[in-house]
Amino acid sequence: MEGQVILEISDFFKFFFVNSRLIFGYLNDVYEKKYNSIMYFEEIENGFLFVFKDFESFKLRAKPLEESDLKEIKTDNISESNFFQKFFIPKEKFPKDGITIVIKIITGNKSKLIPIIKNFIHSINQNIEIEIDSETNLFFKIQDFEDIKKYANSLMNRYYIDKREGKL
């Protein structure tokens, strides 16, 4: 088993989450932030760290999204749906020329992690541009708010699946 995988995500929050501290605090509570949990989040200046227990945990959470993951949540519990939706920016606030998000590999085998990250990003939309520098950084450009919405839907769908299957 390979050791911890830590990714730093930056230049992201103001274009995605209304209140990142609140959502990450909530998700850490849901996923029980402990050293033996599959993953947790750490807020840093202008970004956050994804801390995965090990490489297998990273692969599980970064597996390519399926079409069903991207569909908008239809729930009978309106308050629960509204609870999630209030964390994400409205379409009007998304920049017209898109956003660039930076993923920096802090720990982990770059040659193993990069293909998994690329497959995950392209499962949201094949047209998302990805650049990789010679160090440890991946830059990906999101041109369309719909891609942000698809990703938000995938987070909510995975949450509901985990909840329904008793993993939460």
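The values are calculated or read from the model by the stated rules, or taken from the named source; none is laboratory data. Quantities reported herein were computed from a predicted structural model and do not represent experimental measurements. All Cβ positions, even for glycine, are placed from backbone atoms using ideal geometry, and neighbour counts span all protein chains on display.
Residues are listed down the side, and each one gets a yes or a no for (1) modelled with pLDDT under 80; (2) hydroxyl-bearing (Ser, Thr, Tyr):
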| residue | (1), (2) |
| --- | --- |
| 18 | yes, no |
| 21 | yes, no |
| 27 | yes, no |
| 37 | yes, yes |
| 47 | yes, no |
| 50 | no, no |
| 56 | no, no |
| 59 | no, no |
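When residue 108 is tested against (1) in contact with a helix residue (DSSP H, G or I) (Cβ under 8 Å, 6 or more places away or on another chain); (2) at negative phi, just one condition goes unmet, and that condition is (2). If you go through segment 87-99 and pick out every residue that is touching a strand residue (DSSP E or B) at 6+ places or on another chain (Cβ under 6 Å) and more than 29 Å from residue 56 (Cβ to Cβ), you end up with 2. Just give me the residues in segment 100-142 being within 22 Å of residue 56 (Cβ to Cβ), touching a residue at least 12 places away in the same chain (Cβ under 8 Å) and of a type in the set (S, T, N, Q), in sequence order. Across segment 100-142, the qualifying residues are 107, 109, 119, 123, 136.
Filtered by the rule that a residue be farther than 23 Å from residue 3 by Cα and buried (at least 19 other Cβ atoms within 10 Å of the Cβ), segment 122-147 gives 123, 124, 140, 142, 145, 147. Taking segment 63-168 as the region of interest, the helices (runs of 4 or more DSSP H) fully inside it that hold 2 or more residues being modelled with pLDDT under 75 are 78-85, 145-164.
Total residues in segment 86-141 satisfying the condition of being of a type in the set (Val, Ile, Thr), more than 14 Å from the chain's Cα centre (by Cα) and within 21 Å of residue 65 (Cβ to Cβ): the figure is 8.
For segment 39-58, a residue qualifies if it is assigned to a helix (DSSP H, G or I) and either farther than 13 Å from residue 113 by Cβ or under 13 Å from the mean Cα position of the chain (by Cα) (or both), and exactly one does: 58.
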